[in-house]
1. Go through the range 16-52 and give me each residue that's part of a loop (DSSP other than H, G, I, E, B), open to solvent by less than 100 Å² (accessible area, probe 1.4 Å) and small (Gly, Ala, Ser).
2. Restrict the check to the range 7-15 and report whether at least one residue is out of contact with any Gly (no Cβ under 9 Å at 6 or more places or on another chain), open to solvent by less than 70 Å² (accessible area, probe 1.4 Å) and either without any contact (Cβ under 8 Å) to a residue 12 or more places away in the chain or assigned to a helix (DSSP H, G or I) (or both).
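The values are calculated or read from the model by the stated rules, or taken from the named source; none is laboratory data. Just so you know, these numbers come straight off a predicted model, no measurement behind them. No Cβ is skipped: glycine too gets one built from the backbone with ideal geometry, and neighbour counts run over all protein chains shown. SASA here: full protein model, heavy atoms, side chains in, ligands and nucleic acids out. Shrake-Rupley method; radii C 1.70, N 1.55, O 1.52, S 1.80 Å.
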Amino acid sequence: MATRGQDIILITGHVILTPEHRERMIALGGEHSARSRGEAGCLAHNCHVPRLRSG
């Protein structure tokens, strides 16, 4: 974790997918996260797929 005096950047977002693109986008998200975790200074990078949708 960051210590006093270190900056943390937190980026959040969401993507709305059509069913035919879902699996490919999940795979791309995993690949992107793996690349980002390999960068110097990256503490964590994750893509999450919600299991339940509201509304």
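1. Gly38, Gly41, Ala44 - these are the residues of the range 16-52 that are part of a loop (DSSP other than H, G, I, E, B), open to solvent by less than 100 Å² (accessible area, probe 1.4 Å) and small (Gly, Ala, Ser).
2. From the range 7-15, those out of contact with any Gly (no Cβ under 9 Å at 6 or more places or on another chain) are 7-14; that's our starting set.
With open to solvent by less than 70 Å² (accessible area, probe 1.4 Å) added as a condition, the list becomes none.
Taking every residue of the range 7-15 in turn, none turns out to be out of contact with any Gly (no Cβ under 9 Å at 6 or more places or on another chain), open to solvent by less than 70 Å² (accessible area, probe 1.4 Å) and either without any contact (Cβ under 8 Å) to a residue 12 or more places away in the chain or assigned to a helix (DSSP H, G or I) (or both).
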